[in-house]
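The values are calculated or read from the model by the stated rules, or taken from the named source; none is laboratory data. Just so it is clear, the structure is predicted and the values come from calculations on it, not from any experiment. Cβ coordinates were reconstructed from backbone atoms using ideal geometry, including for glycine residues, and neighbour counts include every protein chain displayed.
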Amino acid sequence: MRAVIQNSVGGPDVLFVAEQPDPSPKPGEVLVSVKAAGINPVDGAVRGGFYPLLGEPPFILGWDISGTVEALGAGVTTVKVGDDVFGMPRLPKQAGAYAELATAPADEIAIKPAGIDHAHAAALPLAGLTAWQGLVRHGHIQSGQRVLIHAGAGGVGHLAVQIAKARGAYVASTASPDKLDFVRSLGADEVIDYTTDDFTGKVSNVDLVMDAFGGDHADESLKALRDGGVLVSLLNVHDATRAKASARRIRVERISVVPDREGLVELAKLVDAGKLSAHVAKAFPLDQAGAAHAFLATRPIGKVVLTV
């Protein structure tokens with residue numbers, strides 16, 4: 001099979017296509033003919049050596065996949081050969097999504113939503129599961145609540161806005177000036193230009209904040225929360241921030257996304273119901289993975305994918 005590999009850490013130019021041995025599914029796994037692979041910020045961090053999840057190169061990047069089941073390992077009954085599936089298998093271990101073939105545990109993939117193509121399905125798993133697990137599993141979002149979602153045009157943020165609206169919440173979100181209209185188009189009730197406005201002066205008494213930045217930004221987010229609210233952070237939160245939160249009975253959830261078949265099924269239901277869609281800013285062919293990484297670094301709206 002053809003796959004994108006790297007022999008050293010570094011910039012996008014370390015990525016290149018090479019022939020690699022075809023993988024075989026072990027018991028409980030499936031072999032997927034990959035049609036598209038999503039690219040996420042964690043991919044760039046691993047590529048650059050800033051987040052050494054996979055140890056020393058060589059390795060194959062990528063976790064988001066959408067494709068067709070080619071073969072079944074022993075004991076697999078949840079899918080069959082020919083099914084179109086999507087998922088985020090194996091994280092934090094190597095999944096090898098940037099390739100023509102990949103194996104995945106059957107309990108970490110789900111049937112692809114029928115109404116979208118593989119590129120849009122591949123854009124969903126990691127970012128969508130992060131939003132779903134943050135808002136629903138950890139945040140316990142409820143209909144009628146007031147929710148603040150930071151970076152509402154980002155990969156996680158634009159899906160979180162839609163999920164929160166689908167759950168019946170009032171949604172406020174922050175974005176840069178060129179992305180305000182996009183976030184409004186997702187259904188956000190209130191959109192704040194973070195370059196000119198202090199969000200703490202625009203929105204208050206919210207029940208739940210999803211913060212993509214951690215650190216000082218998470219600390220500032222406490223000002224928007226009501227006493228007894230929930231702060232869901234995708235990055236680390238200072239001990240001092242946790243102490244402030246505790247004094248106000250604010251629950252702090254520092255989350256890391258995990259493979260989640262049930263969550264994928266829920267995302268697919270929202271897609272099929274017309275309540276959730278991943279915005280693909282640009283799709284690149286497999287042999288342009290380096291260019292795709294460089295483009296992602298420009299912080300486009302939504303997601304970037306590789307087509308295989």
* To do: Would you mind finding the one in Thr200, Thr196, Thr241 that is crowded, with 22+ Cβ neighbours inside 10 Å and more than 24 Å from the chain's Cα centre (by Cα)?
  => Thr241
* So Gly201 clears everything in (1) out of contact with any Asp or Glu (no Cβ under 9 Å at 6 or more places or on another chain); (2) touching a residue at least 40 places away in the same chain (Cβ under 8 Å) except one condition, right? Which one? -> (2)
* Asked: Looking at (1) under 15 Å from the mean Cα position of the chain (by Cα); (2) surrounded by fewer than 16 Cβ atoms within 10 Å (Cβ to Cβ); (3) part of a loop (DSSP other than H, G, I, E, B), which is the only condition Ala45 fails?
  -> (3)
* Structure fact -> Cβ pairs under 9 Å, 6+ apart or interchain, first in the range 140-158 and more than 11 Å from Val203 (Cβ to Cβ) and of a type in the set (Ser, Thr, Tyr), second at pLDDT 95 or above and surrounded by fewer than 22 Cβ atoms within 10 Å (Cβ to Cβ), ordered by first then second residue, are Ser143/Arg167; Ser143/Gly168
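Somewhere in the range 246-253, is a residue surrounded by fewer than 15 Cβ atoms within 10 Å (Cβ to Cβ), in contact with a strand residue (DSSP E or B) (Cβ under 6 Å, 6 or more places away or on another chain) and farther than 23 Å from Phe182 by Cα?
Within the range 246-253, the subset surrounded by fewer than 15 Cβ atoms within 10 Å (Cβ to Cβ) is 246-249.
Those still in the list that are in contact with a strand residue (DSSP E or B) (Cβ under 6 Å, 6 or more places away or on another chain) too: 248-249.
Then drop every residue that is not farther than 23 Å from Phe182 by Cα, which leaves 248-249.
Yes; the residues of the range 246-253 include at least one that is surrounded by fewer than 15 Cβ atoms within 10 Å (Cβ to Cβ), in contact with a strand residue (DSSP E or B) (Cβ under 6 Å, 6 or more places away or on another chain) and farther than 23 Å from Phe182 by Cα.
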* Qualifying residue in the range 122-142 (condition: part of a loop (DSSP other than H, G, I, E, B) and either surrounded by fewer than 19 Cβ atoms within 10 Å (Cβ to Cβ) or modelled with pLDDT under 95 (or both)) -> yes
* Would the range 243-257 turn up any residue that is closer than 27 Å to Pro89 by Cα and among the hydroxyl-bearing types (Ser, Thr, Tyr)? -> yes
* **Candidates Ala172, Ala164, filtered to the one that is within 19 Å of Asn205 (Cα to Cα), modelled with pLDDT of 95 or more, more than 19 Å from the chain's Cα centre (by Cα) and assigned by TED's automatic domain parsing to the domain that holds Gly134** => Ala172
* Asked: Any idea which of (1) buried (at least 19 other Cβ atoms within 10 Å of the Cβ); (2) β-branched (Val, Ile, Thr); (3) more than 21 Å from Trp132 (Cβ to Cβ) is the one Thr298 doesn't satisfy?
  -> (1)
